[in-house]
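Trainee: Right, I'll just put the structure down here and ask away after.
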Amino acid sequence: MLTTPEVIDTIAGLRARLAETGERAGERPRVVLVPTMGALHAGHLALVRRARQLGDIVVVSIFVNPLQFGAGEDLASYPRTLGEDVAALGAVGVDLVFAPTGQVMYPHGPSATRVTAGPVGTLYEGAARPGHFDGMLTVVCKLINIVGPDVVVFGEKDAQQVFLVEAMLEDLDFRPVIEVVPIVREQGGLALSSRNRNLAEEQRAAARALSAGLAAAASVADRGTAAALQAAHALIDAQPLVKLDYLVVVDPQTFLPVAADHHGPARMLVAALVGSTRLIDNAALDLN
Ligand code: AMP
């Protein structure tokens, strides 16, 4: 298990070796960071493959960050499969897996210093999970400072997270650029998630209503926001096992709900509980 200084040293060593040898000697090697919470699936591996295309040194972090879990959430039961994760990453080919303990990341206990996500951080996922995005941004900030990447890779699956990380990188003058990878789905549409393994077969079948609802909304988006929402509700509300938390159409520029007469690009966000498993998904809409 590497400590923070060991990670910094290892990456510096990898950078130095690459800069001295090989066909790109003399060039500054590019480091790409893929932050994850582990329990890796094909969605995560798509991010890692993209990272491989973008840089010379790929670092994957695996850390179930206590700061972004509220009281009563699934921190303790969140799936942890480190051995399998390392094997899967080895098969794709990464240069470093950084899987710190809580003690390594927060040696003095949860840090008093936090990054604040601002108003958008209190909406949607942030309304259901107060403090979640402050905790997420704080650990992303720490990981960037430890790893020193040129690029950080995130999945579109967590669209609000992407919006807030982009805002943090710009607002706080971070160096890395963000790369966003499209959502990877199962056959049948369900977005891959580490939490899907908690679903019984009947729940998994019901959960497909979320992606089906988004697809239905996208297909009628040329008729406007109300029609898109109605199309999604029709499928999602028909599933008794799916307890809808929110279904909203947001403006990609502001991440605020769109006005009823909004035209142009938008994003529909959905969150629901299926049993005790919280699922989220989203899709781009072209509102006409
Ligand atoms: P997590 O381990 O859930 O924190 O996710 C780590 C990264 O993988 C985040 O950037 C997620 O958005 C991304 N991710 C998770 N599921 C998917 C998926 N189905 N498709 C694409 N990216 C994903």
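Trainee: In whole Hz and in residue order, list the ³J(HN,Hα) couplings for segment 4-19 that follow from phi through the Karplus curve 6.51 cos²θ - 1.76 cosθ + 1.60, θ = phi - 60°; x for Gly and Pro.
Mentor: 4, x, 5, 5, 4, 5, 4, 5, 4, x, 4, 4, 5, 5, 5, 5
Trainee: Using Cβ contacts closer than 10 Å as the measure, can you line up V165, V220 from fewest to most?
Mentor: V220, V165
Trainee: Cut-off 10 angstrom, C-alpha nodes, Gaussian network model of the chain. Which of G213, G26, G264 fluctuates the most?
Mentor: G26
Trainee: Give, as a single signed number, the net charge of other residues whose beta carbon lies under 13 Å from the beta carbon of A260, with Lys and Arg counted +1 and Asp and Glu -1.
Mentor: Cβ neighbours under 13 Å give a net charge of -1.
Trainee: Compute the separation of the alpha-carbon centres of segment 57-83 and segment 212-288 and state it in Å as a whole number.
Mentor: One Cα centre to the other: 28 Å.
Trainee: I need the phi-derived Karplus couplings for segment 235-251: 6.51 cos²θ - 1.76 cosθ + 1.60, θ = phi - 60°, integer Hz, Gly and Pro marked x.
Mentor: Going residue by residue, I get 7, 6, 5, 6, 9, x, 7, 9, 9, 5, 8, 9, 9, 8, 10, 10, 7 Hz, with x marking Gly and Pro.
Trainee: Can you pull a Stokes-Einstein diffusion coefficient for the chain at 4 °C (1.567 mPa s), Rh from Kirkwood over Cα pairs, as a whole number of µm²/s?
Mentor: Here the translational diffusion coefficient equals 65 µm²/s.
Trainee: Once the other residues with Cβ under 11 Å from the Cβ of D245 are scored (Lys, Arg +1; Asp, Glu -1), what is the net sum?
Mentor: Surrounding charge for D245 is +2.
Trainee: Also, I was wondering about something else. Using only the alpha carbons of segment 198-288, determine the length spanned along each of the three principal axes and report them from longest to shortest in whole angstroms.
Mentor: The Cα atoms of segment 198-288 stretch 39, 22, 15 Å along their principal axes.
Trainee: Okay, next question. What's the Kirkwood radius of segment 64-207 in Å, using all Cα pairs?
Mentor: 17.0
Trainee: Once the other residues with Cβ under 13 Å from the Cβ of V7 are scored (Lys, Arg +1; Asp, Glu -1), what is the net sum?
Mentor: -1
Trainee: Would you kindly state the longest site-free stretch of the chain, with sites defined as GluC sites (Glu not before Pro) in a DSSP loop (not H, G, I, E, B) surrounded by at most 12 other Cβ atoms within 10 Å?
Mentor: Excluding the exposed sites themselves, the longest stretch runs over 28-288.
Trainee: With n ≥ 4 as the cut-off for DSSP H runs, can you work out [θ] at 222 nm for the chain, using -39500 (n - 2.57) per run divided by the number of residues, rounded to the nearest 500?
Mentor: -12000 deg cm²/dmol
Trainee: Let me know the Rg and Dmax you get for segment 1-73 when you use only its Cα atoms, in Å.
Mentor: 15.2, 52
Trainee: Among F133, F154, F174, which one moves the most in a GNM of the chain with springs linking Cα atoms closer than 10 Å?
Mentor: F174
Trainee: Same structure, new question: Based only on other Cβ atoms within 10 Å, what is the fewest-to-most ordering of R197, R30?
Mentor: R197, R30
Trainee: Another question, then. Among G118, G72, G90, which one shows the biggest mean-square fluctuation in a GNM of the chain, springs joining Cα atoms closer than 10 Å?
Mentor: G72
Trainee: Let me ask you something else. For H233, H44, H108, which order do you get if you count the other beta carbons within 10 Å of each Cβ and list the fewest first?
Mentor: H108, H233, H44
Trainee: Right, next: Among A99, T254, I11, whose Cα sits farthest toward the positive end of the charge dipole of the chain (+1 at Cβ of Lys/Arg, -1 at Cβ of Asp/Glu, about the Cα centre)?
Mentor: Projecting each Cα onto the dipole axis, the largest value belongs to A99.
Trainee: For segment 142-204, take N as its residue count and report Rg(C-alpha) divided by 2.2 N^0.38 Å.
Mentor: Output field value: 1.43.
No value in this document is a laboratory result; all are computed from the given coordinates. These numbers were taken from a predicted model, which means no experiment stands behind them. No Cβ is skipped: glycine too gets one built from the backbone with ideal geometry, and neighbour counts run over all protein chains shown.
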